[in-house]
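The values are calculated or read from the model by the stated rules, or taken from the named source; none is laboratory data. Since the structure is predicted, the reported quantities are computational estimates derived from the model, not experimental observations. Backbone-built Cβ (ideal geometry, glycine too); neighbour counts: all protein chains shown. Heads up: the accessible areas ignore ligands, DNA and RNA and are worked out on the full protein's heavy atoms, side chains in. Shrake-Rupley method; radii C 1.70, N 1.55, O 1.52, S 1.80 Å.
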Amino acid sequence: MTRGSDGEKRSRPHQPHPPSRSNGPAMRIVVPLQGVVQGRGGLVLGSLLPCALFYFLQLYLKRHRSPKNDPSASASASASIIPRTLSRGQLSPRAQPPLSARAAALARPDDDDSLYYAGLRRCAADPYHPTRNPDGVIQLGLAENQLSLDLVQEWLVKNAKEALLGEDKEEGLNIRGLATYQPFDGSIDLKMVTNAVAGFMGQVMRGSVSFNPSQIVLTSGATPAIEILSFCLADTGNAFLVPSPYYPGWDRDIKWRSRVELVPVPCRSTDNFSFSIAALERAYTQAKKRGLKVRAVLISNPSNPVGNLVNKETLYGLLEFVTEKNIHLISDEIFAGSTHGKTKFVSVAEVLDAEALDKSRVHIIYGLSKDLSLPGFRVGVIYSYNENVLNAASKLARFSSVSAPTQRLLVSMLSDSMFISEYLETNRERLQRMYRLFVDALKQLGIECAGSSGGFYCWVDMSKFIQSYSEKGEQKLWDKLLTIAKVNVTPGSSCHCIEPGWFRLCFTTSTEKDIPVVIQRIRKVTESHRMSH
Amino acid sequence: MNKVVGHRVELSEIATSNTHGEDSPYFAGWKAYDEDPYDPVNNPSGVIQMGLAENQVSFDLLEDYLEQHPEASNWGNGISSFRENALFQDYHGLKTFRKAMASFMEQIRGGKAKFDPDRIVLTAGATAANELLTFILADPGDALLIPTPYYPGFDRDLRWRTGVNIVPIRCDSSNGFQVTLKALEAAYAKAEAAEMKVRGVLLTNPSNPLGTAVARAVLEDILDFAARKDIHLISDEIYSGSVFASPEFVSVAEIVEARGYRNCERVHIVYSLSKDLGLPGFRVGTIYSYNNRVVTTARRMSSFTLVSSQTQKTLASMLSDEEFTKYYIRTNRERLKRRYEYIIQGLERAGIECLQGNAGLFCWMNLGPLLEEQTREGELRLWKLILHEVRLNISPGSSCHCSEPGWFRVCFANMSLHTLEVALTRIYDFTQKSKTIKSLIN
C-alpha cells in the first residue's frame, strides 16, 4: 500500500526477463548460447530457442513460487502469535500447505504496510493519556469522533432496554424475534430498519433530499459497502478514477479481493485540492491508453482527507462526465452529517432529484461510523438508484450483515428524530469549535490548513519543515513527528497526494486541554527544523 | 424509485451471474413459504417451513439468562466502557469475547480439545467465515473437494465472489453416505483431469444435510489424505453443539491434539452461534486455524465482516458463564433428542425411513419409494407436489448434490411442537393417499 505501487502486483508472476537485462543466473546461461547462435542460423536456433525458453520458464517458476512459501515470513509470524505450548507443531516449511496469491500478498510482515497503518499500530502500543501516560503517543491519525459520544451514551442509558425489547413490553425480553433468521440485507423487519435509516439520512442532509428505504442495502460497516459495490460495478482488473488525495483504506478495501485498480486523479493545493472535470478527462484518456477499462468515478464528499465539499456545478459536471463515458459514479458521503463550515453540503442525491437524468449509474456510500460515532456497531449503507445493483448487493450483503440486536437498537434510536436533530446540531457545533481551535493553534506554528468544511481533520501544509521536497522527505518528517513529537498523523503519501509535505491531522480524538500539548509537541520538531536551517 | 433498469450502464460479471443460486429449488421453497406462511390461527392451511435449519427449541433458556443478567446489555457502566464499545472496531475482536468463544467451544467438545483465544478470528456469521477461508486458501479456478450431499448454500458462499470451484466427493447410501478413501481419490482425480488445482477438503461435521457426526476413523483418513496431497482441511463444525445421541461427536481438533499438533497447519475449523445457540440474527461466526499466516490474514480480511461490538459485549459474559453454558448445552441436547425421536416416530408411522441420525436440526429422509421414476426430475416433481399440495417446504436432495434421487432434508427444530404435529399429520395423510394416486404425479 505504498504510494504508486500496488502491493498486489508483487504477488503476481513476474514476466520472464529478456536476455539483455543484467541478471546473474540468466546471463550465465544465456551468454554462451548467444555466442553459439551468432554465427549460425536456422537449425541451431530451432534447437536453442526451446532450451532458452526452458531456462526462462525455470526462473519464472522460481520467482512465482517464492512469495507463497516463504518460511521466514511464517517463522516470524509464529514467534509473535503462538505461545510455546502450542508451537510444537510449527515444524519445517514443508508442513505448510500453500495459501492463495491473495493471502500471500498480505500475510507478509508489517513493513509492507503503508505508514497509515504503521502509525496506528505504534500509537496503539503507547497511547497518550493526560494523567496516566502523559508522554504517550497522541493519536491524530484516526478519523473517529469522540466529541459527542456522551450524547449517544445518554440516549442509550435511557432507552436501550426498551429499544431491545421492542413492542412486547409485557412479554419481557423477547429474543425470538431478535434472534431468528432474516433476509440477509435487512433485519427483524426489514422495512422498519431501512425506514429508520432512510429517515436518518434525510435528517443528516437537513431535509434537502428524501431517501427511499427500498434503495438501501445494509452492510456491516462502510468498508464492506464499498467492497460490495466494487464487486458489482467492475470486473477484476478494471479501474475506478479517484481524485487524490484519497482515504488510504480504499487501497485495501477495493484493490484487495475485488481486484479493481484505483487510478488517482491528482488534485492540487492551488485549487484547494478540488478536482476538475478536465483532470478526470485526462485521467480517463490515460487509463484507456494503458489498456485499463474504467468502470466508475469514486469521490468522497465531504472529502477525506481534505474536508472540502464538492459544489453543485462540479456535481453536475461529474454527472455529465459519467453519463458521456457510460460509467458509474460512487459518492462516499459518510461525513455528510459532520460539516462544520459555513458552506452547505450538497449530496449527489439532491442534484439527481432536481434533474431528469439517468440515475441508474449513481450509488452512494453511507454509514453510522462517522456521523453517529458508532463504528463498533458496524452499520454501513449502499444507496443505489440501480435495481440490478440493489439485487446483487443485497445478496452479497449476506457476507457482511448487520447484527440483529444492533438493528433493533437502531430502529429505536434513528426514529427518535428529536434526539437525532439535537445530536446532529450539537455535534456540528462541537466539531466547529474544535476545528477552529486546532486551526488557530497550528497557525501559531506557521502551519496552514487547507480550506475545509467537513470531516474530522485538518489537511495541513508542513512542506516548509521537510528537508528534501519529496516523498522521502515527507516520510522523514512523519517519522520525526511520531518518534520525537510523539504524535501520530497521516502523511499525504499514504493518501496518494502528489505534493509532498501535506498531512492529515484529526482533531476529534482530543479534548480542548490536549491542544496546547499537541502544539508543544509539534513545536519540538518545527523548532528543531528552524534551528538547523 | 426510478424504474430505469441499468441496460445502458454495465455491471460486473459477478453482479449479473446467477452463482448466487437463488433460483434453485432450495430457495424457491423459501419464497413459496414467504408468500403463504403457516400460522396455527391465521393461516392453518399455509405452507409449513421445514427447509430452514434453525434452532428454536431452547430460546427460553437464553431469554431467562439475559433477564437475570442485565449487566450484559447495560450501557450505564461509565463513559469509558461505553466509549470503548462504541468505537471498538479492532479486527482482533474483544478479548473477553474470544476467550468466551474458546471456552464455549471447549465445553461443547466435553473438554477433549483446547482452543487458544488468539487463534480465534471473528466474522459476521459462518457464511462469511467459509467465504473468507476460501479466499485465503484458494485462487480463482482452483477447487475445493466437498462430500455430497452438502449444504446448498456452499455453491454460492464458496464460489460466487471467489471464483473457486467445488468438486463433489460422491457418497451414497450403501454405507450411510460416509466418505471413503476411494471417493476422495476419485474426486481429486476428477479435479486434476479438469486442470483444477485442488486446495482443500471442506467437511461439515456433524453433516448438513445428513444429521450425522463423522466417525473418528473417517476423520483420520481424511486428515491423512489432506496431508498426503499437501492440501487444507476445513472442518465446518457449526452443529457440534447439537449432537444428541451416540456416537459421540469427534472434532478434528481432538485428532490434531492427539497427533501432538504435527502437520496441523492445514487444519481450520469454522464455528458459529447460529445453530447451537439459535442466534443466527446475531451474526457471530468464527474461524479457528492452526496456521499462523491464515490467522493473520483472516483477521485482516475480517474487516469486511466484523461482529458488532454491541453483540460481542452482550454475549461475552453469557458465554463465559460456565455453569450456564454447561446447563444450556445439556438441556439443548435433550430437547433436540426428544424432537428428533418425535419426528422419526411420526415419519415411521407414515412409512418413511430416515438415515440414522444423531445430530443437527434435521432428518435425512428417504422418499425414494414414492418416486415414480428414480431420477432427479422425478424427485423434483415430488418436491413440487409436496410443496404445493401437502404445503410443506422440504429440501430436495438434488439441491444438496446428492447422487441418489429421492432423499430429502426435513428440519424439525424451527417450529413449535404443535406445528410439527400438524406437519406430520399432513405427511401421514399424503403417504396414505399417494399409495393410490402415484400415477397422477406428473
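Between the listed residues B:GLN310, B:ALA15, B:CYS264, the Cα displaced farthest toward the positive end of the dipole of chain B, a dipole computed from Cβ unit charges relative to the Cα centre, is found at B:CYS264. Sorted into 5 angstrom bins from 0, the C-alpha pair distances of the stretch B:74-321 split as 1, 6, 14, 19, 19, 17, 11, 6, 3, 2, 1, 0, 0 percent.
Solvent exposure of the stretch B:74-321, expressed per residue, is 27 Å² of accessible area, with all protein chains present and a 1.4 angstrom probe. Here the calculated FRET efficiency for B:GLN356 and A:GLU355, from their Cβ-Cβ distance with R0 = 60 Å, stands at 0.35, rounded to the nearest 0.05. From helices alone, chain B scores -12500 deg cm²/dmol at 222 nm; the rule is -39500 (n - 2.57) for each run of n ≥ 4 DSSP H residues, then divide by the residue total. Within the stretch B:74-321, antiparallel bridges make up roughly 35 percent of the DSSP beta bridges whose residues both belong there. Computed on the stretch B:293-442, with alpha-carbon pairs under 8 angstrom and 6+ residues apart, the relative contact order is 23 percent. Sparsely packed loop sites in the stretch B:336-381 (the GluC sites (Glu not before Pro) outside DSSP H, G, I, E and B with at most 15 other Cβ atoms within 10 Å) comprise B:GLU372, B:GLU373. Among the trypsin sites (Lys or Arg not before Pro) within the stretch A:335-432, those in coil by DSSP and having at most 11 neighbouring Cβ atoms inside 10 Å are A:LYS342. Working from label points 7 Å from Cα in the Cα-to-Cβ sense, the B:HIS69 to B:ASP230 distance is 4.7 nm.
Subtracting the Cα-Cα distance of B:THR331 and B:ARG259 from their residue separation scaled by 0.36 nm leaves 22.7 nm. Cα convex hull, chain B: 178 Å³ per residue, rounded to a whole number. A Förster radius of 41 Å combined with the Cβ-Cβ distance from A:GLU313 to A:ASP440 puts the calculated FRET efficiency at roughly 0.85. For the pair A:SER415 and A:SER276 in one chain, pulling the backbone fully straight at 0.36 nm per residue adds 46.2 nm over the alpha carbon distance. Each Lys and Arg contributes +1 and each Asp and Glu -1, all at the Cβ; summed about the Cα centre of the stretch B:74-321, the dipole is approximately 440 debye. Placing A:HIS496, B:HIS418 in order of accessible area, with the largest value first and a 1.4 Å probe, yields B:HIS418, A:HIS496.
Carbon-plus-sulfur accessible fraction, the stretch A:164-420 (probe radius 1.4 Å, protein heavy atoms only): 48%.
Please compute the contact order of the stretch A:164-420 in relative form: average sequence separation of alpha-carbon pairs under 8 Å and at least six residues apart, divided by the residue count, as a percent.
Numbers: 453 pairs, mean separation 72.2, N = 257.
It comes to 28 percent, rounded to a whole number.
Filter A:LYS370/B:LYS95; B:LYS182/B:LYS229; A:LYS255/A:LYS293; B:LYS275/B:LYS326 down to the pairs with a C-alpha to C-alpha distance above 19 Å, please.
With Cα atoms farther than 19 Å apart: A:LYS370/B:LYS95.
Note on the stretch B:297-338: Rg/Rh from Cα positions, Kirkwood definition for Rh, rounded to two decimals, is 1.20. Using a cutoff of 8 angstrom between alpha carbon atoms and counting only pairs six or more residues apart, the relative contact order for chain B works out to 24 percent. Shown here for the stretch B:138-224: GluC sites (Glu not before Pro) in loop regions (DSSP other than H, G, I, E, B) with at most 12 other Cβ atoms within 10 Å, namely B:GLU195.
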